[in-house]
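Pasting a structure here, questions to come.
Values quoted throughout were computed directly from the atomic coordinates according to the rules given, and no laboratory measurement underlies them. No experiment lies behind these values; they were computed from the predicted model shown. Ideal geometry is used to build each Cβ from the backbone, glycine not excepted, and the neighbour counts take in all protein chains shown.
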């Protein structure tokens, strides 16, 4: 005869527990909570377009606080380094080439400058010879109209320097005939054409117009002795180197175009110069 033993409530609870006497239902609740959290987090991330970060060996090492492994450079980095090295070599090559080119250009320029200097020296020597050939020999006269100076030279030697009065530059107009005269000493190269002792000045028309007198018809009425000093040296076109009654005005531009000199100076020129001797006026 088999008798069945009645099961107590405590025995039923023990059957629903894990071995060792622990209950199962707390673990079931924890597992369900984890599932709910994971599902909810996944839904929230996907809803806003978030993406899970890529899992790499570097991120794993950072998460586990492991030292980073030495990663070999990529092929792109190697290529970039090689390209940079190549550019540096090319730039260095260009710099050296440019320096060589500059040195060559400098050398060429120096040669050209030297050649030009030699050419200029040759031209200068030739011009010096030509100028020396043009320097007059013997006695000649140089007249500086601006400084009112007359220089008697014998070749490159100064024999005498004299004070003179050259043309004033004034302009005179004939109120009746419309004629006009400018009282300048002519510039240029002249020669001694005449030599006159005790010259007599034959007054031209402008002299009478300047003095406000009528122009005479008789030539004899134009003659005025003594106005040109003791000597006169003609150089052409009515111009003379002569003496003057107005020696106090020497050194000033007051003449009507002739060159006035003191008595002693015109005496020296008269006896020193010969016909054909040159007179340079500037």
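Working carefully through the options 163, 151, find the one that is free of Cβ contacts under 8 Å to residues at least 12 places away in the same chain, within 30 Å of residue 268 (Cβ to Cβ) and surrounded by 15 or more Cβ atoms within 10 Å (Cβ to Cβ).
Details: 163 fails: free of Cβ contacts under 8 Å to residues at least 12 places away in the same chain.
On inspection, the qualifying residue turns out to be 151.
For the range 169-213, give me every one of the strands (runs of 3 or more DSSP E) that falls completely inside it and has 1 or more residues that are within 17 Å of residue 227 (Cβ to Cβ).
Working: elements: 171-173, 180-182, 188-191, 194-197, 200-202.
Answer list for the range 169-213: 194-197, 200-202.
Looking only at the range 230-282, which residues are crowded, with 21+ Cβ neighbours inside 10 Å, over 53 Å from the mean Cα position of the chain (by Cα) and part of a loop (DSSP other than H, G, I, E, B)?
Across the range 230-282, the qualifying residues are 243, 244.
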